[in-house]
Amino acid sequence: MHQSIRMHFLVEEDLHCNLQLPRPHHNLRLDKIIVVARITLREFAREVQVVKSSPFYNSSTSKHEDILHSHVHPPTPAARASVASAFQQSARILSARNVGQRSIASSSSILLAKEGGGGGRSSAAVADKDLLNKTTSDKQSNKKVALDTNPPKGTRDFYPADMRLQSWLFNQWRQVAATYGFSEYDAPVLESESLYTRKAGEEVTQQLYNFEDKGGRNVALRPEMTPSLARMVMAKKGGLPLPLKWYSIPQCWRYERMTRGRRREHYQWNMDIWGVDGIEAEAELLSAMVMFFKNVGLTADDVGIKVNSRNVIGEVLTELGVPEEKFAATCVLVDKLEKVPLDAIQGELEELGLERSMIEKLTDVLTNTSIESISAVLPDDSKAVQELTKLFDLCNAYGIGDWIMFDASVVRGLAYYTGVVFEAFDRKGVLRAVAGGGRYDKLLETFGGEPTPAAGFGFGDAVIVELLKERNVLPSFEGSGYDSVVFAMSEDLYGVAIEVASKLRAAGQTVDLILEKKKPKWVFKHASRNDAKFCVIVAGNEYENGEVSVKDLSAGEQKAVKIDSLEDWATEVRSTNN
């Protein structure tokens, strides 16, 4: 091990330190010094602080020279003993004194090492300019700052009950998706910023959580999933067989104003069909959405789905003389009219070169709520009317006609929608839009890909949970819902309780094994609080007969079950409950 002594001298502002080491004999002048020293020897290694009264720096210079000569010669036993004594005494001094920061102004250092030993590593304590702040006894500087226990604004913590709710909701979504033949996919939550800023007129561009990463790349937390889907499809360069029926449940991030059911992060159920250019894709998606509503206890009296077509607006804008390249930006403004008055967007209209009379006529058209009324203001050969008429016929075939209604005012804010658009809403008007989607045939082209027909929807978790609470149809998730709670009445039977729990788990039950000694009253309360179905008790008398006591917590009945027959009992219970 390398033998060395490292000393770091911190000198008062009005004094000086003159150190000359090249010659065998050294001139060392030190006045009123405070020293931070690190010493490394075979016998000991420690960090201490030596103040001016330390014997390390008394009037005798022979000690200093002995130590300094160790730069060219190994330290003598006397030098070792002297250094050790100095460090021990300095530690006692420091325990009774407070070293103030004000007396320190400048510093220099000396490395004293065995010849040929190299420089060695410098001490972090020596290099730390803020060392005295860290070692001060000032109570104020050592005061701990209380942790803010709230998550970042607009985000959520998920405690076990919240996770059970989330798992239930996601399972409902997955079940519907599987029923309709969709396959699940996923993508990184962190994407290239350009994936979203390509669509420059959209509100989402201003709502990005974006930053430059350590590699100098501009990235963003995804605000929506569809652009990631487009990127993935393009990455396969036409290698994916069409049509695609994919779904995902991504977490999405938007820095936006928060309201009930709207947060800055949320999970969203996405269902998309690629490669089908007919209205059949939209009808399939609407049917899947309605199945979910039915599965969670909602009816057509609770939720409706407004349907419109971008082609309706396009045909009206063409009649008004608005250029096609301004359709998307105009649609974004029209979408805002549901939230703000016309005067509020007057400036934006002027930037697009649109007259107020144009928008007023357009808004008159958008007040129509039936296909018959919209047909009267559109050309006889209107593609939009033909498309919508067919969609309503298909919805009737699916048996969801009472859920669907035409509403010309529905204009989705996302600029890439090209055809039918739809929005699920709370019929009581308490909550904002529950879900929305439509056709976006030109999305892939905006990224340089080939034109590909596509339609889909997004369905946020926050709003639907609020709606289910509002209608009082959301199940309770306070309890864990174990099948069985197993506990031993005495410590010597704990091994048997492990055996019992293992048998039940192997038979497919969810089992909570009580891991510490508890009274039966506590165990039954614990089982009830977690909505357990059974309590399995391992007691002395029953165990002698090779049995355990099983209490049905819902029926209040208790019976004995042979330990060797627990798997059969678990299977019987499962089949009965199913």
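The values are calculated or read from the model by the stated rules, or taken from the named source; none is laboratory data. These numbers were taken from a predicted model, which means no experiment stands behind them. So basically every Cβ, Gly included, is an ideal-geometry build from the backbone, and we count neighbours across all protein chains shown. Quick note on the areas: whole protein, heavy atoms, side chains included, nothing else; ligands and nucleic acids left out. Shrake-Rupley method; radii C 1.70, N 1.55, O 1.52, S 1.80 Å.
Taken as Cα centroids, region 487-540 and region 258-304 sit 42 Å apart, rounded to the nearest whole angstrom.
Label separation (K442 vs E350): 2.8 nm, computed from points 7 Å beyond Cα along the C-beta direction. For the residue pairs K326/K428; K236/K383; K469/K559; K336/K442, the C-alpha atoms sit more than 29 angstrom apart in K326/K428; K236/K383; K469/K559. Summarising the amide proton neighbourhood of F534: residues at separation of 5 or more, or on other chains, whose placed amide H is nearer than 5 Å comprise S484, V485, L553. Derived scalar couplings between HN and Hα for region 517-530 equal 5, 9, 6, x, 4, 5, 5, 5, 5, 4, 5, 5, 4, 9 Hz in order, rounded to whole Hz, by the Karplus curve 6.51 cos²θ - 1.76 cosθ + 1.60 (θ = phi - 60°), x for Gly and Pro. Scanning residues 5 or more positions from E547 or on other chains, those with amide H under 5 Å from its amide H are I563, with H placed 1.01 Å from N in the peptide plane. Quick query: amide H of F406 versus all other amide H atoms, modeled in the peptide plane; which residues come in under 5 Å with a sequence gap of 5 or more or a different chain? Amide H to amide H, under 5 Å and 5 or more residues apart or across chains, F406 pairs with V307. Summarising the label geometry, the points placed 7 Å from Cα in the beta-carbon direction at T149 and K390 lie 5.9 nm from one another. Computed from the Cβ-Cβ distance with R0 of 41 Å, the FRET efficiency linking Q558 to D162 stands at 0.75.
The HN-Hα couplings worked out from phi for region 145-152 by the Karplus form 6.51 cos²θ - 1.76 cosθ + 1.60 (θ = phi - 60°) are 7, 5, 6, 6, 8, 7, x, x Hz, whole numbers, x standing for Gly and Pro. Report the calculated FRET efficiency for K339 and T576 (r = Cβ-Cβ distance, R0 = 56 Å), to the nearest 0.05. For K339 and T576, the calculated efficiency is 0.55. Once the 1.4 Å probe is applied to the protein heavy atoms, region 185-273 comes out at 50 Å² accessible per residue.
In this simple spin-label approximation, K326 and E478 carry label points 7 Å from Cα along the Cα→Cβ vector, and these lie 5.9 nm apart.
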